[in-house]
Amino acid sequence: QVQLVESGGGLVQAGGSLRLSCAATGSFSSINAMGWYRQAPGKQRDLVAAITSGGTANYADSVKGRFTISRDNGKNTVSLQMNDLKSEDTAVYYCNAEGYTLPTFARGNYWGQGTQVTVSS
């Protein structure tokens, strides 16, 4: 059984920082991309940042220069360091992992339960 467990959300003032972490557990044989998405009330879920197993990262334009994604392949964890937070960053943040699971090596796309980030202005 595959599970993504997130931590690190909370309330912060504008200009502050938060760090989100996500651990992927279960019968993964390999994980390709890991990333973070966010969904604000009444809006669609959008990509914030993603990183491949080789370390190539991409970011939404709105967070470039402020957020940094990192990954530990050995531990199947991904983190998102968020600096200079703005009120428009307020959303539920979801961890995502795309990979293959045992015993069938089936390819799947998995989501965490979400963690709330609230930035007060």
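The values are calculated or read from the model by the stated rules, or taken from the named source; none is laboratory data. Everything numeric in this text was worked out from a predicted model, so none of it was measured. Quick reminder, even Gly has a Cβ in these numbers, built from the backbone with ideal geometry, and neighbours come from all protein chains shown. Just so you know, the surface numbers come from the protein's heavy atoms only, side chains and all, with ligands and any DNA or RNA stripped out. Shrake-Rupley method; radii C 1.70, N 1.55, O 1.52, S 1.80 Å.
For segment 20-31, which residues satisfy the criterion of being touching a Leu at 6+ places or on another chain (Cβ under 7 Å) and either over 19 Å from G55 (Cβ atoms) or open to solvent by 60 Å² or more (accessible area, probe 1.4 Å) (or both)?
S27, S29 - these are the residues of segment 20-31 that are touching a Leu at 6+ places or on another chain (Cβ under 7 Å) and either over 19 Å from G55 (Cβ atoms) or open to solvent by 60 Å² or more (accessible area, probe 1.4 Å) (or both).
Return the residues of segment 91-121 that are surrounded by 11 or more Cβ atoms within 10 Å (Cβ to Cβ) and either in contact with a helix residue (DSSP H, G or I) (Cβ under 9 Å, 6 or more places away or on another chain) or of a type in the set (S, T, N, Q) (or both); say none if nothing qualifies.
Passing the criteria: N96, T101, Q113, T115, Q116, V117, T118, V119, S120.
How many of the residues making up segment 83-121 are farther than 18 Å from G15 by Cβ, in contact (Cβ under 8 Å) with a residue 12 or more places away in the chain and in a strand (DSSP E or B)?
16
Can you work out which of the residues in segment 78-121 that are of a type in the set (S, T, Y) and under 14 Å from G26 (Cβ atoms) is modelled with the highest pLDDT?
Checked segment 78-121; the qualifying residue modelled with the highest pLDDT is Y110.
Tally the residues that are closer than 21 Å to Q116 by Cβ, open to solvent by 20 Å² or more (accessible area, probe 1.4 Å) and in a helix (DSSP H, G or I), restricting the search to segment 38-82.
Summing the residues that are closer than 21 Å to Q116 by Cβ, open to solvent by 20 Å² or more (accessible area, probe 1.4 Å) and in a helix (DSSP H, G or I) in segment 38-82 gives 1.
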